[in-house]
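Before any comments, here is the structure.
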Amino acid sequence: MKRSGPLLTLVAGLLFALFLLALNATTGTRGASSYGEESPAAPAAPASASPPATRTAPPPSQSPSPSTGPVPDAGYAGRTDDDSASVAVSLRDGRAIAYFCDGRNKESWLKGDVKADGTMKLTGRDGAELTGTLTAGERIRGTVDVGGARHGFTADKAVKPSGLYRATATVRGAKLVGGWIVLPSGRQVGILARDGKPSAAPAIDPSTGVVTVDGRRLTARPVAP
């Protein structure tokens, strides 16, 4: 009986150990099966890219249409680009007369036609020539060639008493021819020729055109073609 006691204890221990091993094996199998049944997390859907913003080009600007109205009957006066002389142009019925004057000894009278689009080419003595363009009835821009020199000029629409004036007379046997340009500022530029010899002209009264030359009263009148 003393020998069977330890033997039974040993057998009981072995059985208990086998029971624990079987229990652990069963639990591990179930755990693995449980993890295997879990489905992997679905990957996050990529964010959709916004389409690039499109820029709408502004409509092209339209250039203003050229004026097609008739050429007005009017006067224009201004200065050359180098401020050495004055230029006046008078328009009437599609014709033009112009006067270039430096107020000392250089002058020229020019005449010609004005086209419907406002362009003009006027000619004078000794090859003098004026080319210009009337813009919107308000301004003439062009060039004038006098005495071998070319001058650019701008002449704005003149409001009386501004404009172009001329007087002719015979005083003490001498033939007098005077030309005056009254600028919008009121400044006067003129030449008085005695028997073809030019010199600075005395000022006229803008309201009446009266001027005194060698003691005689003359009247300078507005010039028209």
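Taking all Cα pairs closer than 8 Å and separated by 6 or more residues, the relative contact order of the stretch 74-225 comes to 22 percent.
Under 1.5 on a/c is rounded, so check that first for the stretch 75-222, then, if it is not, pick prolate when a/b is larger than b/c and oblate when it is not; a ≥ b ≥ c are the square roots of the alpha carbon gyration tensor eigenvalues. Cα axes put the stretch 75-222 in the prolate bin. Between the amide H of residue 114 and those of 95, 96, distances stay under 5 Å, these residues lying 5 or more places away or on another chain, with hydrogens modeled in the peptide plane.
Can you give the convex hull volume per residue for the Cα atoms of the stretch 68-127, as a whole number of Å³?
Working: hull volume 5.3 nm³, N = 60.
Convex hull volume per residue, Cα atoms: 88 Å³.
Sort 138, 129 so the one with the fewest other Cβ atoms within 10 Å of its own Cβ comes first.
Values: 138 11, 129 16.
Ordered by Cβ neighbours within 10 Å, fewest first: 138, 129.
Pairs of Lys residues in the stretch 75-222 that lie 8 or more places apart, or on two chains, and have C-alpha atoms under 19 angstrom apart add up to 7.
All of the numbers you see were taken from the coordinates with simple rules; none came from a lab. Not measured: the values here are computed from a predicted model. Backbone-built Cβ (ideal geometry, glycine too); neighbour counts: all protein chains shown.
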